[in-house]
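Have a look at the structure below, then the notes.
Just so it is clear, none of the values below were taken in a lab; they were calculated from the coordinates. For clarity, every value in this text was computed on a predicted model and none was experimentally measured. Note that each Cβ is placed from the backbone with ideal geometry, even for glycine, and that neighbours are counted across all protein chains shown.
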Amino acid sequence: MKTSTLRSTRRLRTAKVAAVVAVGVLALTACGGGSDSDDDGDAEATQATFEAGTTMETLQKAGKITIGTKFDQPGFGLKGLSGEPEGFDVEIAKIIAEGLGIDDDNITWVETPSAVRETKIEDGEVSLVAATYTINDERKKRITFAGPYYEAGQQVMVRSDDSAITGPESFKTNADLKVCSVAGSTPADNISSYLASKSQLTTFDVYSKCADALRNKQVDAVTTDNVILLGLVGDSDGAFKVVGDTFTKEPYGIGVKKGDTAFCQYIVDTLKKASQDGDYEEAWTETAGKVEGSTVPTLPTADACA
């Protein structure tokens, strides 16, 4: 999904325009000579200077960053043949890193399934998490969210030859049906109110195991956010389909250490700039946007950093 064109285009923009301005957090200082352009007419590169002691300054000085994402979700975070994760979340994280002067080769990716995302942030194993991470009040007690940068909605995926399940209500009317989701995820919590019995829900640590269980007829359905399901459908060789309408709203945010509002604001401003420059749309079209049925999103209005 990641292309050299996508990478080079973004780096060219980074070299030609100012980095994101986070009021009270960073100032911009020009590099190079005193003129406004060089002999070739290219715009002068601009380097962001961050306030001493901030996460941004620390990461910029280190020249490297560790980022948490998922490795099993086509379109958003999938570890491909290259051995590196690919997808929309991955590209969003790269945009954030590039604003700090950190290139792709200096990012260390850590797999962060739903159940361990807060722990990875709290323990300092990662600087941020971009992993289809729904913003909710319970998680806000432990970490700070930047965003949302995307809004998904939960749906249900079944085998292509299944006509018995038409949406989440089907589990209430037929207690024999089993549905799979990921432990510690918002979708697993959401589906519980649609079940006739708690025993209908099977959970694993990653969605790929749910897809395997569906294929092997150990469960009758998988439920999570629509874009994740579309990716699984696209990789199923026609074995799966999505049924019913979305029945939740899932705003995805970037998770950072609790109370690091300066870093949060930097991320918010960076993604706003990426939306204006076209990098946000390009990140989508080169990843999740390749899945049939997907549409180019608009960057949602960010919540206040707290």
request  = Order these peptides, 297-305, 99-107, by their mean beta-carbon neighbour count within 10 angstrom, highest first.
outcome  = 99-107, 297-305
ask   = By the scheme Lys and Arg +1, Asp and Glu -1, what is the net charge of all other residues having a beta-carbon under 11 Å from that of E138?
value = +1
message = Starting from the 7 Å offset along Cα-to-Cβ, what nm value, one decimal, do you get for the label separation of L81 and V110?
response = 3.0
Amide hydrogen neighbours beyond the local backbone of V219, cut-off 5 Å, H modeled = L214
message = What does the extension gain come out to for K198 and D303, with contour length at 0.36 nm per residue minus their alpha carbon separation?
response = 34.4 nm
query = By how many nm would the segment from A52 to K64 lengthen if fully extended, with 0.36 nm per residue of separation less the alpha-carbon distance?
reply = 2.6 nm
message = Below 11 angstrom from the Cβ of K241, what's the summed charge of the other residues (Lys, Arg +1; Asp, Glu -1)?
response = -1
ask   = Stretch D123-K172 to full length: gain in nm at 0.36 nm per residue minus the Cα-Cα span?
value = 13.7 nm
inquiry  = Report for segment 154-243 the percent antiparallel among DSSP-assigned beta bridges with both residues inside it, nearest 5.
reply    = 55
key: Cleavage-rule hits, trypsin sites (Lys or Arg not before Pro), segment 124-193, DSSP coil, Cβ neighbours within 10 Å at most 15   = K141, R142
ask   = How big is the convex hull of the Cα atoms of segment 154-243, per residue, in Å³?
value = 78
